[in-house]
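Here is the structure we will look at.
The values are calculated or read from the model by the stated rules, or taken from the named source; none is laboratory data. Note that this is a predicted model, so its numbers are computed, not measured. Here the Cβ is made from the backbone with ideal geometry for all residues, glycine too, and neighbour counts use every protein chain on show.
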């Protein structure tokens, strides 16, 4: 398999993971108008929790679901007890999420030590699958598939259900949504938990590829930020496209310009911010 | 009364190497002053202009990297200092041009992106910045033949720069330009209607802020005689912002108190508390949630409230003696 194909597969896998991470980030940003700087920590915490669950004999998929749920519960507590108190003060909310990310990182360091922990690839997805005469790592294909399934599920949730319609209304015009009787504050909690769950789940799913180590949060958060700025906040399509763009930029950037990998990653984001501040797929909100 | 207190405070600070005891604490004091200069610079934007930057560690680091590169090219201290500051000012102008297209959270995000680019270059562009290994420089400069090699000598040199920074802030705040900066924060549209060039005012405030961040960066380079990507990481930007916010934004004293608090916590407390980052995060959260306007205004308000409770019949229109709102 040629180098380019390997890079492309890795890019798609990273894109899939980033979609899981950034879909929630984007929804939170769209609805609550804040970049949730704990999102990278949720990703890392989910992965760490799963390593402990797996060590206690849970299988990989249960660990991924439960790890995600624990992170979602934490997200709910954060939103209810802290962010809620600061409603309307967006800057304070951002700073609180930054402070919380320091705390979570340090707790993870204390509990799981500084050594990287590998999560084993789940049985049955090891090895390679041959597609059109080419061998692809099975697990990476599985991640791409999971991302596609989640994208479809999220789309259905947002576009086809009553809750989704309420969330979209909240993203577009929270004041008007309140006037017509939608409890926007409850949506905040729901979306925050959902986003935290997706991030935690993504952390576990990404574990076999990335493994878990201190600093993983700080690596994933800027990527999610880039995705959301490229794609536009509150837009699912934007997150999807942005994730794959970032997946490719990151992998190809590292392979072709190893010294300038981060410039390759952040420069497009900067250009988009300057030229089209609402993002490629974002709409100008009221 | 106020002037007397100021003179006394300055005397105590100037004599710090004589009373803190031990070179370790003198070095901590130098660090506090360096970070206080940095925090004062960030405060110009975050406090007076209402533009919160999470990328200022980039400017802090550009100054240090610029200085380190010039020094390893064999230039003297004058070229290193002036060159490092010139590079920082150019970078600050570039940062400002891009980030001032937005205000509020948009501004925050653009500065994060810019800061991360600087970090990426510092971390990955190994032929330029030596990557994770950083750049070491040999020895501290000797301005006017005075040696800064000793902790006390370096402290006094930093103290002089610190005084210049505080004085420039005091002049800025009292000047018409300072008033117009606050005006663009509070009522940008009215300022515009009154004929002020809002963008230019913000741009100049950004340059001023970048300049002092650069000065702090150069001092930090001389202090550590080493630069590494750590210096330009997002956590570094967050840390200095914490200093400004914990002390109290848009006050002169706030960033200094905040710098003292954070540096002391980091250096002294981390010797006793292993989980320093947790404490830092917890303080950050607590201050934002419970004391949103920072320690200095918060304490002043608490003090005022205490005074009022102590003397219930004191005429409220007359300010209590020695009262200082920290501006």
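Yes or no: region A:258-268 includes at least one residue that is in contact with a helix residue (DSSP H, G or I) (Cβ under 8 Å, 6 or more places away or on another chain), within 12 Å of chain B (Cβ to nearest Cβ) and not in a helix (DSSP H, G or I).
no
Within region B:98-140, take every residue that is within 23 Å of the chain's Cα centre (by Cα) and in a loop (DSSP other than H, G, I, E, B) and give me the one that is nearest to the other protein chains (Cβ to nearest Cβ).
It comes out as B:102.
Would you mind finding the one in A:23, A:87 that is out of contact with any strand residue (DSSP E or B) (no Cβ under 8 Å at 6 or more places or on another chain), away from every other protein chain (no Cβ under 14 Å) and in contact (Cβ under 8 Å) with a residue 12 or more places away in the chain?
Result: A:23 is the single residue among A:23, A:87 that is out of contact with any strand residue (DSSP E or B) (no Cβ under 8 Å at 6 or more places or on another chain), away from every other protein chain (no Cβ under 14 Å) and in contact (Cβ under 8 Å) with a residue 12 or more places away in the chain.
Is it the case that residue A:75 is crowded, with 20+ Cβ neighbours inside 10 Å, under 16 Å from the mean Cα position of the chain (by Cα) and farther than 29 Å from residue B:55 by Cβ?
Against the criterion (crowded, with 20+ Cβ neighbours inside 10 Å, under 16 Å from the mean Cα position of the chain (by Cα) and farther than 29 Å from residue B:55 by Cβ), residue A:75 does not qualify.
For region A:230-237, indicate whether the set of residues that are in a helix (DSSP H, G or I), in contact (Cβ under 8 Å) with a residue 60 or more places away in the chain and surrounded by 19 or more Cβ atoms within 10 Å (Cβ to Cβ) is non-empty.
yes
Looking only at region A:60-72, decide whether some residue is within 14 Å of chain B (Cβ to nearest Cβ) and either out of contact with any helix residue (DSSP H, G or I) (no Cβ under 8 Å at 6 or more places or on another chain) or closer than 24 Å to residue A:192 by Cα (or both).
no
Out of all the residues in region A:90-106, is one or more exposed (fewer than 14 other Cβ atoms within 10 Å of the Cβ) and either within 14 Å of another protein chain (Cβ to nearest Cβ) or part of a loop (DSSP other than H, G, I, E, B) (or both)?
So far as region A:90-106 goes, no, none of its residues is exposed (fewer than 14 other Cβ atoms within 10 Å of the Cβ) and either within 14 Å of another protein chain (Cβ to nearest Cβ) or part of a loop (DSSP other than H, G, I, E, B) (or both).
Filter region B:110-145 down to the residues that are touching a strand residue (DSSP E or B) at 6+ places or on another chain (Cβ under 9 Å) and modelled with pLDDT of 85 or more and list them by number.
Once the filter is applied, which keeps residues that are touching a strand residue (DSSP E or B) at 6+ places or on another chain (Cβ under 9 Å) and modelled with pLDDT of 85 or more, region B:110-145 yields B:122, B:135.
Among all residue pairs at least 6 apart or on different chains, which show Cβ distances below 9 Å where the first residue, located in region A:107-122, is within 12 Å of another protein chain (Cβ to nearest Cβ) and the second is not in a helix (DSSP H, G or I)?
A:107/B:275; A:108/A:212; A:108/A:214; A:109/A:214; A:109/B:275; A:110/B:274; A:110/B:275
Between residues in region B:1-14 that are assigned to a helix (DSSP H, G or I) and residues that are surrounded by 10 or more Cβ atoms within 10 Å (Cβ to Cβ) and at pLDDT 80 or above, which pairs lie under 7 Å by C-beta distance while being six or more apart or on different chains?
B:13/B:159; B:14/B:159
Among (1) within 14 Å of chain B (Cβ to nearest Cβ); (2) outside any helix (DSSP H, G or I), where does residue A:57 come up short?
(1)
Give me the pairs, please: first residue somewhere in region B:229-242 and more than 10 Å from every other protein chain (Cβ to nearest Cβ), second residue anywhere and assigned to a helix (DSSP H, G or I) and surrounded by fewer than 21 Cβ atoms within 10 Å (Cβ to Cβ), beta-carbon distance under 6 Å, and either six or more positions apart or on two chains.
The qualifying pairs are B:229/B:123.
Could you identify the single residue in A:46, A:30, A:24 that is under 11 Å from the mean Cα position of the chain (by Cα) and in a helix (DSSP H, G or I)?
Criteria check complete, one pass: A:24.
Of these, B:196, B:223, which one is at pLDDT below 95, surrounded by 14 or more Cβ atoms within 10 Å (Cβ to Cβ) and in a helix (DSSP H, G or I)?
Every option except B:223 fails the conditions.
Would you confirm whether any residue within region B:49-61 is within 12 Å of chain A (Cβ to nearest Cβ), buried (at least 20 other Cβ atoms within 10 Å of the Cβ) and free of Cβ contacts under 8 Å to residues at least 40 places away in the same chain?
Scanning region B:49-61, I find no residue that is within 12 Å of chain A (Cβ to nearest Cβ), buried (at least 20 other Cβ atoms within 10 Å of the Cβ) and free of Cβ contacts under 8 Å to residues at least 40 places away in the same chain, so the answer is no.
In region B:165-191, what residues are under 30 Å from residue B:30 (Cβ atoms) and surrounded by 13 or more Cβ atoms within 10 Å (Cβ to Cβ)?
B:165, B:166, B:168, B:169, B:170, B:172, B:173, B:178, B:181 - these are the residues of region B:165-191 that are under 30 Å from residue B:30 (Cβ atoms) and surrounded by 13 or more Cβ atoms within 10 Å (Cβ to Cβ).
Only one residue in A:197, A:155 is in contact (Cβ under 8 Å) with a residue 60 or more places away in the chain, within 25 Å of residue A:239 (Cα to Cα) and surrounded by fewer than 17 Cβ atoms within 10 Å (Cβ to Cβ), so which one is that?
The match here is A:155.
In region B:287-297, what count of residues is obtained for those that are within 14 Å of another protein chain (Cβ to nearest Cβ) and either buried (at least 16 other Cβ atoms within 10 Å of the Cβ) or assigned to a loop (DSSP other than H, G, I, E, B) (or both)?
Selection size over region B:287-297: 7.
From A:19, A:58, A:25, which residue is surrounded by fewer than 24 Cβ atoms within 10 Å (Cβ to Cβ) and within 26 Å of residue A:118 (Cα to Cα)?
A:58
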